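What follows is one structure encoded as structure tokens, with my remarks underneath.
The values are calculated or read from the model by the stated rules, or taken from the named source; none is laboratory data. None of these values were measured; they are calculated from a predicted model. Virtual Cβ from ideal backbone geometry, glycine too; neighbours counted across all protein chains shown.
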Amino acid sequence: MIRRKDRPCAAYNDDVRVCERRSYSGTGDPGKVRIPFGQSVLSAVASWYTIPVHRGMGRGIMIKTQIVTYKEGATDCEGFFAFDDAKPGKRPGILVVHEWNGNQSYMQQRSRMLAELGYVAFAPDIFGKGVRAQTMEECAKISEPYYKDRALLRARAQAGLDQLRGHAGVDTAKIVAIGYCFGGMVVLEMARAAMPVVGVVSFHGQFATPTPAKKITAKVLALHGAADPVVPPEEVAAFEKELTEAGADWQIVSYGGAKHTFTNYNLPKGIPGPAAYDEKADKRSWIAMKEFFRETIDA
């Protein structure tokens, strides 16, 4: 087991431009979207499209995305795939679980970033098709049932994982689940439920659970804001105890001064309250995630 405090900031690789609010047109120009007159943004995104992405020494890759509808029981869910369509053979898969507002554009952007790194990324839908929130009150309302019913939460997570495992380009022996806030809690529940993933990465997720595990075989990386009031020190200590007693291979990295939701660049910096974007913690946590991938699925 490893418990680390913050470490000096390292720069991102030149070919990973994290923290930029980027979108793509078919021209390969970052930051520009061209949608035909009369076509909604949603319908434009919903179809297959190719995104030229240029990185490193002029080498180009082609990211393809797809929105797919699938079922968990009687519930329709809507997930998002991103991958390099030109890359041959099977590759590791990354499940990217959304925050408490639902499967929206932030998770799609993170999925594209992972596809740029060479993975097949899939953002599953825990809440169900069309269930999305725009206000804090709505977020609380749509997420609360899943905090209370962990069996339902796990079933939705398993349904999303099944979608990723069924992708023709995925090496099913090399899958990691990552999640943000609510999604961080989801991937920890996946580890507790012994779902077929080799590791999980929780970004500013909650650690408490009504069903602590007796055995955890997936490797666990928890990236935590040391100033996060949503996850107090006693909850961190209880989580460490659970992981140790479950025999897990675990790491908890605490970022000094970082609050809840520190990776979400849609939030203003330095705002009062429990949540705020922290650029240094965002970059450092992304680097830590990539190191975890090298250890678990890139070998």
Just the residues that are acidic (Asp, Glu) and free of Cβ contacts under 8 Å to residues at least 24 places away in the same chain, please, taken from segment 91-120. none
Please work out which one of (1) surrounded by 15 or more Cβ atoms within 10 Å (Cβ to Cβ); (2) at pLDDT 95 or above; (3) over 24 Å from Leu153 (Cα atoms) is the condition Leu267 fails and give its number. (2)
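Table: residues versus (1) touching a residue at least 40 places away in the same chain (Cβ under 8 Å); (2) touching a Lys or Arg at 6+ places or on another chain (Cβ under 7 Å); (3) not in a helix (DSSP H, G or I).
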{"residue": "Val68", "(1), (2), (3)": "yes, no, yes"}
{"residue": "Glu78", "(1), (2), (3)": "yes, yes, yes"}
{"residue": "Phe122", "(1), (2), (3)": "yes, no, yes"}
{"residue": "Gly128", "(1), (2), (3)": "yes, no, yes"}
{"residue": "Ala140", "(1), (2), (3)": "yes, no, no"}
Which pairs do you get when a residue that is at pLDDT 95 or above, found in segment 157-168, comes within reach of a residue that is aromatic (Phe, Trp, Tyr) and buried (at least 19 other Cβ atoms within 10 Å of the Cβ), reach meaning Cβ atoms under 8 angstrom, with the pair 6+ apart or on two chains? Gly160/Phe122; Gln163/Phe122; Leu164/Phe122; His167/Phe81; His167/Phe83; His167/Phe122
Matching residues, segment 203-226, being surrounded by 17 or more Cβ atoms within 10 Å (Cβ to Cβ), assigned to a loop (DSSP other than H, G, I, E, B) and of a type outside the set (Val, Ile, Thr): His204, Gly205, Gln206, Phe207, Ala213, Ala218, Ala226
For segment 106-120, which residues satisfy the criterion of being more than 27 Å from Ala213 (Cβ to Cβ) and part of a helix (DSSP H, G or I)? Tyr106, Gln108, Gln109, Ser111, Arg112, Met113, Ala115, Glu116
Just wondering, is there one or more residues in segment 280-296 that are in a loop (DSSP other than H, G, I, E, B) and of a type outside the set (S, T, N, Q)? no
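Please verify whether Gly205 is farther than 21 Å from Thr75 by Cα and out of contact with any Phe, Trp or Tyr (no Cβ under 7 Å at 6 or more places or on another chain), treating the condition exactly as stated.
Values: farther than 21 Å from Thr75 by Cα: yes; out of contact with any Phe, Trp or Tyr (no Cβ under 7 Å at 6 or more places or on another chain): yes.
Taking the combined requirement at face value, the residue satisfies it.
May I ask you to verify whether Ala86 is small (Gly, Ala, Ser), buried (at least 19 other Cβ atoms within 10 Å of the Cβ) and more than 12 Å from the chain's Cα centre (by Cα)?
So Ala86 does not fit the description; no.
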Is one or more of the residues making up segment 188-202 free of Cβ contacts under 8 Å to residues at least 12 places away in the same chain and over 25 Å from Arg132 (Cβ atoms)? no
Tell me, which residue of segment 228-244 that is acidic (Asp, Glu) and within 19 Å of Gly199 (Cβ to Cβ) is surrounded by the fewest Cβ atoms within 10 Å (Cβ to Cβ)? Glu240
Across segment 270-299, which residue is surrounded by the fewest Cβ atoms within 10 Å (Cβ to Cβ) among those that are in contact with a Pro (Cβ under 8 Å, 6 or more places away or on another chain) and under 24 Å from Ile94 (Cα atoms)? Asp298
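Just wondering, is there one or more residues in segment 179-196 that are farther than 22 Å from Gln104 by Cα, among the basic types (Lys, Arg) and surrounded by 21 or more Cβ atoms within 10 Å (Cβ to Cβ)?
Yes, because at least one residue in segment 179-196 is farther than 22 Å from Gln104 by Cα, among the basic types (Lys, Arg) and surrounded by 21 or more Cβ atoms within 10 Å (Cβ to Cβ).
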Suppose we filter segment 209-260 for residues that are hydroxyl-bearing (Ser, Thr, Tyr) and within 16 Å of Ser285 (Cβ to Cβ); how many remain? 2
Filtered residues of segment 148-202 (kept if within 25 Å of Ile252 (Cα to Cα), among the small types (Gly, Ala, Ser) and outside any strand (DSSP E or B)): Ala157, Gly183, Gly184, Ala191, Ala193, Ala194
